[in-house]
Amino acid sequence: MNTQPIKVEKDNKESIDFVKVEESKEFKSFMKSKKKFIVPWTIFFLIFYFTLPILTSYTTFLNSSFFGDISWVWVFAIAQFVMTWVLCTLYVRKANRFDEMAEDIIDEQIKGGNS
């Protein structure tokens, strides 16, 4: 295991010790909040995504009419497109905040923070 600090030059001026960053309270809190967002939404996405093929393979209730000739299968399939766009939008917004948090953590380490 490599125990030497990993240092990277930021803007060719500053030296960043990423081992120190990784061990900081702020980074651990950052990773916890990131997982708190990503894991539940990933589970939701996978369940919602795989529900359609499972239900169409092993049940027939999605074949019933929703409105006129439109069946519940079509509604569910369109809902998957909507769900994908909504989740992508949510992730992009949240990722921007994650980027800001990561930059703040790195800047704090550069300034000499030792949390």
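The values are calculated or read from the model by the stated rules, or taken from the named source; none is laboratory data. All values derive from a computational prediction rather than experimental measurement. Because the Cβ atoms are built from the backbone with ideal geometry, glycine has one as well, and the counts that use them run over all protein chains shown.
Test Phe66 against the stated conditions and say whether it is surrounded by 11 or more Cβ atoms within 10 Å (Cβ to Cβ) and in contact (Cβ under 8 Å) with a residue 40 or more places away in the chain.
no
Could you give me the residue pairs with C-beta distances under 9 Å whose first residue belongs to the range 90-114 and is at pLDDT 85 or above, whose second residue is polar (S, T, N, Q) and surrounded by 13 or more Cβ atoms within 10 Å (Cβ to Cβ) wherever it lies, and which are 6+ apart or on separate chains?
Cβ pairs passing all conditions: Phe98/Ser33; Met101/Ser29; Met101/Ser33; Ile105/Ser24.
Going by the structure shown, is Ser24 under 27 Å from the mean Cα position of the chain (by Cα), at pLDDT 90 or above and surrounded by 12 or more Cβ atoms within 10 Å (Cβ to Cβ)?
no
Inspect the range 41-49 for any residue being over 27 Å from the mean Cα position of the chain (by Cα) and part of a helix (DSSP H, G or I) and give the result as yes or no.
For the range 41-49, residues over 27 Å from the mean Cα position of the chain (by Cα) and part of a helix (DSSP H, G or I): absent.
Would you check which residues across the range 69-108 are surrounded by fewer than 12 Cβ atoms within 10 Å (Cβ to Cβ) and among the aliphatic types (A, V, I, L, M) and list them?
The answer is Ile70, Ile78, Val82, Val86, Val92.
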